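Everything below concerns the one structure shown next.
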Amino acid sequence: MSGTPEFSPDEIRHHRGFFYFEEEDINLSTIGERIKRIRKLHKYSQVEFAKIIGVSQGTLSELEQDKYKPALDTVKDIHIKFETDIYWLLYGMDKTQHVNYNKGISEFETELILEFRKLKEIDQDEIVEFIKLKIKRYVK
């Protein structure tokens with residue numbers, strides 16, 4: 001890594017297995033700005049970061065300037081290699097903001113849904129049956 005540290009480790013928080021950034025980062029308006037933020041957060045030069053994500057330095061420069069959109073493979077590599085929330089990377093907000101705003105689902109309900117989706121189908125079925133049982137027992 002090279003360059004002067006621009007961001008302290010305190011600026012990152014780790015949540016649900018992915019890195020999220022400070023509040024002002026949530027709504028960086030373009031994907032190029034978000035890619036640049038990830039690179040600078042990890043203190044990589046354009047040359048180093050470009051090599052990690054499999055593009056040329058010139059391509060990375062153009063991506064950061066929003067001259068064109070990144071390929072799906074590039075987005076996937078950034079998501080995987082830097083443990084970045086894919087929804088934030090693509091849209092500039094985290095998943096719960098989007099779900100809450102558009103669907104009226106509480107943060108708690110969103111967390112339940114996200115955790116539920118991680119289960120195998122057989123476990124999901126078991127939980128649905130358990131909920132039905134609870135409803136029968138307590139709702140009369």
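Quick note: the coordinates plus some simple rules give every number you see, no bench work behind them. Because the structure is predicted, anything quoted here is derived from the model rather than measured. So basically every Cβ, Gly included, is an ideal-geometry build from the backbone, and we count neighbours across all protein chains shown.
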- When a footprinting reagent is the concern and you count Cβ atoms within 10 Å, what order do 35, 122, 131 take, fewest first? 122, 131, 35
- Message: For residue 84, what residues show an amide H to amide H distance below 5 Å, using hydrogens built from the backbone and excluding near sequence neighbours?
- Response: 19
- Query: In sequence order, what are the phi-derived ³J(HN,Hα) couplings for the stretch 33-38 according to the Karplus relation 6.51 cos²θ - 1.76 cosθ + 1.60 with θ = phi - 60°, rounded to whole Hz, with x for glycine and proline?
  - Reply: 5, 5, 4, 4, 4, 4
- Task: Taking the Cβ of each residue in 91, 138, 44, 68 as the centre, tally the other Cβ atoms inside 10 Å and list the residues starting with the fewest.
- Result: 138, 68, 91, 44
- Task: Would you mind calculating the gained length between residue 52 and residue 124 on full extension (0.36 nm times residue separation, minus the Cα-Cα distance), in nm to one decimal?
- Result: 22.2 nm
